[in-house]
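The values are calculated or read from the model by the stated rules, or taken from the named source; none is laboratory data. Since the structure is predicted, the reported quantities are computational estimates derived from the model, not experimental observations. Counting neighbours? That spans all protein chains shown, and the Cβs are built from the backbone with ideal geometry, glycine included.
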Amino acid sequence: MDTVTHQPQAGTLVPPPPPSAAERKRAARSAARGAAHPGDRIFLGLSRGSGILLLLIMAAIAVFLTYRASLAIGRDHGNFLTTFEWNTHQDPPVFGIAVLAYGTVVSSVIAMVLAVPVAVAVALFLTHYAPRRLRGPIAHVVDLLAAVPSIVYGLWGALILVPHLNGLFGWLDDHLGWTGIFSWEGGAPRSMLTVGILLAIMILPIVTNVSREVFRQVPRTHEEAALALGATRWEVIRMAVLPFGRSGVISASMLGLGRALGETMAVATVLSPAFDIRASLLDPGGGTFAQNIASKFSEATEFGRDALIASGLVLFVITLLVNGAARMIIARREEYAGAAA
């Protein structure tokens with residue numbers, strides 16, 4: 001039997017197809033914008049303008065650094081990325097960032113290794129173990145650590161931390177000196193390990209606060225389901241809390257790493273700089289990007305300032321990459337997509 005297809009007769013009105021989901025969302029947003037209060041529109045314009053202004057400022061900084069760096073790198077008679085020397089006063093000038101890159105990376109890695117496990121443990125204690133009456137005071141103390149200025153950390157490190165590290169350095173030399181990494185020839189413990197310990201204390205509140213907020217967002221139903229199955233408190237943390245907060249902890253660590261990479265005054269206060277690379281973490285020497293800029297900028301010539309700005313450009317790029325990686329890690333999880341947008 002043939003199927004009869006009814007064609008619409010001339011003059012018959014054909015109803016339009018229903019709008020798609022995307023069209024309905026666009027219509028809802030348009031209606032919301034049209035019905036918004038004038039104050040909301042003003043706030044939207046100010047917020048959008050602030051974001052655009054921030055991008056313009058970042059672009060201006062990048063252009064400035066690139067221009068001044070090109071003036072110095074063009075006259076460098078060495079390899080800027082691999083030279084183990086910084087002498088901008090001689091003719092021809094020779095300078096490079098190999099020592100600075102090594103010191104910045106090593107001190108930051110030491111800080112991360114020391115700070116992240118402690119920060120995660122403190123965050124877990126505040127969210128799952130501490131009595132309610134202790135959570136507030138401990139959280140306030142952690143917040144106060146984040147508010148302490150860098151120079152105060154540096155003075156504390158120079159006057160309190162450095163004199164009390166002789167025992168630790170001696171113990172490391174006695175038990176692990178055979179590795180070469182922890183050999184110590186005596187002298188004031190103003191080394192890369194000292195810098196790493198101080199940076200670990202400085203980034204500890206950052207990683208702790210972000211990790212604590214992430215752990216507080218774990219759905220209560222996940223934890224209750226694990227408890228209903230007979231899991232202990234540690235098993236609940238291992239199976240429900242840590243997997244949920246893994247991306248948040250990683251992003252918190254990356255934010256702390258960004259702080260460690262760019263720290264200036266605290267590092268300059270506790271480090272005995274020397275433009276060489278030491279195999280041992282306990283021997284004085286080394287340097288970081290920020291410390292080198294702070295210590296040499298006041299006495300540098302115009303060309304020397306351009307060379308320091310060139311090293312600052314490298315630090316600027318590294319910091320942008322670290323923070324960009326943190327944002328990408330946050331955006332990978334649907335739970336944090338709204339915060340990363």
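Listed values, structure above:
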| item | result |
| --- | --- |
| Test for ILE138: is it touching a Ser or Thr at 6+ places or on another chain (Cβ under 7 Å), farther than 17 Å from MET265 by Cβ and surrounded by fewer than 21 Cβ atoms within 10 Å (Cβ to Cβ) | no |
| Test: VAL118 is in contact with a strand residue (DSSP E or B) (Cβ under 8 Å, 6 or more places away or on another chain), among the aliphatic types (A, V, I, L, M) and under 30 Å from SER191 (Cα atoms) | no |
| Filtered residue count, the stretch 202-225, keeping only those that are of a type in the set (S, T, N, Q), in a helix (DSSP H, G or I) and touching a residue at least 60 places away in the same chain (Cβ under 8 Å) | 3 |
| Helices (runs of 4 or more DSSP H) within the stretch 122-196 that include 2 or more residues within 22 Å of the chain's Cα centre (by Cα) and among the small types (Gly, Ala, Ser) | 132-147, 150-156 |
| Looking only at the stretch 279-292, and only at residues there that are closer than 22 Å to ILE318 by Cβ and surrounded by fewer than 24 Cβ atoms within 10 Å (Cβ to Cβ), the one that is nearest to the chain's Cα centre (by Cα) | ALA290 |
| Number of the condition not met by SER211 [criteria: (1) crowded, with 21+ Cβ neighbours inside 10 Å; (2) of a type outside the set (Phe, Trp, Tyr); (3) touching a Gly at 6+ places or on another chain (Cβ under 9 Å); (4) over 26 Å from ILE237 (Cβ atoms)] | (4) |
| Sole exception among (1) crowded, with 19+ Cβ neighbours inside 10 Å; (2) within 24 Å of ILE329 (Cα to Cα); (3) touching a Pro at 6+ places or on another chain (Cβ under 7 Å) for ALA146, by number | (1) |
| Residue identified as surrounded by 21 or more Cβ atoms within 10 Å (Cβ to Cβ) and at pLDDT below 85 among ALA252, ALA326 | ALA326 |
| Where a residue in the stretch 273-286 is of a type outside the set (Phe, Trp, Tyr) and its partner, wherever it lies, is surrounded by fewer than 19 Cβ atoms within 10 Å (Cβ to Cβ) and not in a loop (DSSP other than H, G, I, E, B), with Cβ under 6 Å and at least six apart | ILE277/TYR102; GLY285/ALA274 |
| Any pair with Cβ under 6 angstrom, 6 or more apart, that starts in the stretch 237-258 at a residue that is free of Cβ contacts under 8 Å to residues at least 40 places away in the same chain and ends at one that is surrounded by 19 or more Cβ atoms within 10 Å (Cβ to Cβ) | MET239/ALA226; ALA240/GLU223; ALA240/ALA226; GLY245/VAL214; GLY245/PHE215 |
| In the stretch 293-322, the residues that are of a type in the set (Val, Ile, Thr), surrounded by fewer than 18 Cβ atoms within 10 Å (Cβ to Cβ) and within 19 Å of MET58 (Cβ to Cβ) | VAL317, THR319 |
| Residue match in the stretch 85-101 (condition: among the hydroxyl-bearing types (Ser, Thr, Tyr) and out of contact with any strand residue (DSSP E or B) (no Cβ under 7 Å at 6 or more places or on another chain)) | no |
| Members of the stretch 84-121 that are under 23 Å from the mean Cα position of the chain (by Cα) and buried (at least 22 other Cβ atoms within 10 Å of the Cβ) | ILE97, VAL99, LEU100, GLY103, THR104, SER107, SER108, ALA111, ALA115, VAL116, ALA119 |
| Among (1) under 23 Å from VAL109 (Cα atoms); (2) touching a residue at least 40 places away in the same chain (Cβ under 8 Å); (3) surrounded by fewer than 21 Cβ atoms within 10 Å (Cβ to Cβ), the one test that TYR153 misses | (3) |
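Residue-by-condition table, conditions (1) farther than 30 Å from TYR102 by Cβ; (2) part of a helix (DSSP H, G or I):
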position: LEU227; (1), (2): yes, yes
position: MET239; (1), (2): yes, yes
position: SER253; (1), (2): no, yes
position: LEU261; (1), (2): no, yes
position: ALA266; (1), (2): no, yes
position: SER272; (1), (2): no, no
